[in-house]
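The values are calculated or read from the model by the stated rules, or taken from the named source; none is laboratory data. Just so it is clear, the model here is predicted, and its values are computed rather than measured. With ideal geometry, Cβ positions are generated from the backbone for all residues, glycine too; neighbour counts draw on all protein chains shown. In case anyone asks, the SASA skips ligands and DNA or RNA and just uses the protein heavy atoms, side chains included. Shrake-Rupley method; radii C 1.70, N 1.55, O 1.52, S 1.80 Å.
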Amino acid sequence: MTPTNVLIVEDESIIALDLKRILIRSGYAVSHIANSGDEALAAVAATPPDAVIMDIGLTGKMDGIQTSQLILEQLDIPIIFVTANSDLATVRKSQNANPFGYVLKPFDEREISIVLEMAFFKHQADKEVKESRRWLSAILRSIGEGVIATDANNTIKYMNPTAERFTGWKESEAISRALHDVFPLVNKETRQPAPIPAEHALREKQATGSVNMTLLIQKDGGEIAVNTFASPILDAKGKIEGAVLTFHKAT
């Protein structure tokens, strides 16, 4: 199995060589040792690593945080920060670079291996979540039914293009609005306001729908007969997180 390539970015040569020895003993490969932000960026471009161990306090025109942000513009890889300072201010300052872990000087060999493996695990999990979201987004945008998702307060969090076309609302306009503002329904016989299935799904924690009895009042005042269906969104403990409403034009 090919060893994982790690780029070390450290401007103190003794510390960098010590870190290299630890990594090699732990079964990793060191692709390069860079002593500045510019050298790190050049190394990433020449031989993309699997991970970066970055000294936060690099000297020169770029510190470790700035260098990490530029690396992340090129590669989606985990970056672990090395620092001699464990104070909260340092940790907060580094958050914008999305670090996958921290290692404190002086080094603990076992700690470095644990932090690296946890970083790889978290990075892979994040990639899988992002990929699932891309697939889901592509599916929702391509289907012929309108889809609106809300949070537990019935506030809109997502609309697909079909929902935009039916309601007359752009997703950017609808986000954070109450569902009943964007998706008002009336009974087509009595002309009285009709309940929105998503509200029932939130209240009762069960799926519900309506068929051939409701009209959707569009943003411009137009009307369209719709069939609707809604399901609650529950977390692993059964707590309501929101609802998803689907609808299509009634025949």
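A Cα-only calculation for the stretch 184-226 places Rg and Dmax at 11.0, 32 Å.
Computed from the alpha carbon atoms alone, the convex hull of the stretch 46-180 holds 182 Å³ per residue. Among the listed pairs 127/157; 93/157; 170/205; 170/237; 130/157; 93/122, those with a Cα-Cα distance over 26 Å are 93/157; 170/205; 170/237.
Modelled spin labels at residue 143 and residue 157, positioned 7 Å past Cα toward Cβ, are 1.7 nm from each other.
Between the stretch 189-229 and the stretch 22-89, the C-alpha centres lie 54 angstrom from each other. In the full protein context, the chain carries 55 Å² of accessible surface per residue, based on a 1.4 Å probe and ignoring ligands, DNA and RNA. The apolar share of the surface of the stretch 100-251, taken as the fraction of accessible area on carbon and sulfur atoms (1.4 Å probe, ligands and nucleic acids excluded), comes to 55 percent. Normalising the average separation of contacting C-alpha pairs (under 8 angstrom, six or more residues apart) by the number of residues puts the relative contact order of the chain at 11 percent. Bridging of residue 239 to aspartates and glutamates at a Cα separation below 16 Å is possible for 151, 199, 204, once same-chain residues fewer than 8 apart are set aside. Across the stretch 21-65, Cα pairs under 8 Å and at least six residues apart give a relative contact order of 33 percent. Shown here: Cα extents along the principal axes in Å, derived from the displayed model; of the candidates (i) 56, 53, 49; (ii) 60, 43, 42; (iii) 82, 39, 35, it corresponds to (iii). Under 12 Å of direct C-alpha separation, and excluding same-chain neighbours fewer than eight residues apart, residue 219 reaches these aspartates and glutamates: 164, 173, 181.
Shape analysis of the stretch 1-52 yields a ratio of the Cα radius of gyration to the Kirkwood radius, Rg/Rh, of 0.96.
The 3J(HN,Hα) values that the Karplus relation (6.51, -1.76, 1.60; θ = phi - 60°) gives for the stretch 237-251 are, in residue order, 9, x, 7, 5, 10, x, 8, 10, 10, 10, 7, 8, 5, 6, 8 Hz. Gly and Pro appear as x.
First select every other residue whose beta carbon is under 15 angstrom from the beta carbon of residue 185; then total the charges, Lys and Arg +1, Asp and Glu -1.
Working: positive: 188, 191, 219, 249; negative: 181, 189, 199, 223.
Residues close to residue 185 contribute a combined charge of 0.
Extension gain, residue 212 to residue 133: 0.36 nm times the residue separation minus the Cα-Cα distance gives 25.2 nm.
Less than 5 angstrom separates the built amide H of residue 103 from those of 81, 82, 83, all sequence-distant by 5 or more or on a different chain. Mean sequence separation of contacting Cα pairs (under 8 Å, at least six apart), scaled by the length of the stretch 17-106, corresponds to a relative contact order of 24 percent. Ordered by solvent-accessible area of protein heavy atoms (1.4 Å probe), largest first, the residues 28, 102 come out as 102, 28.
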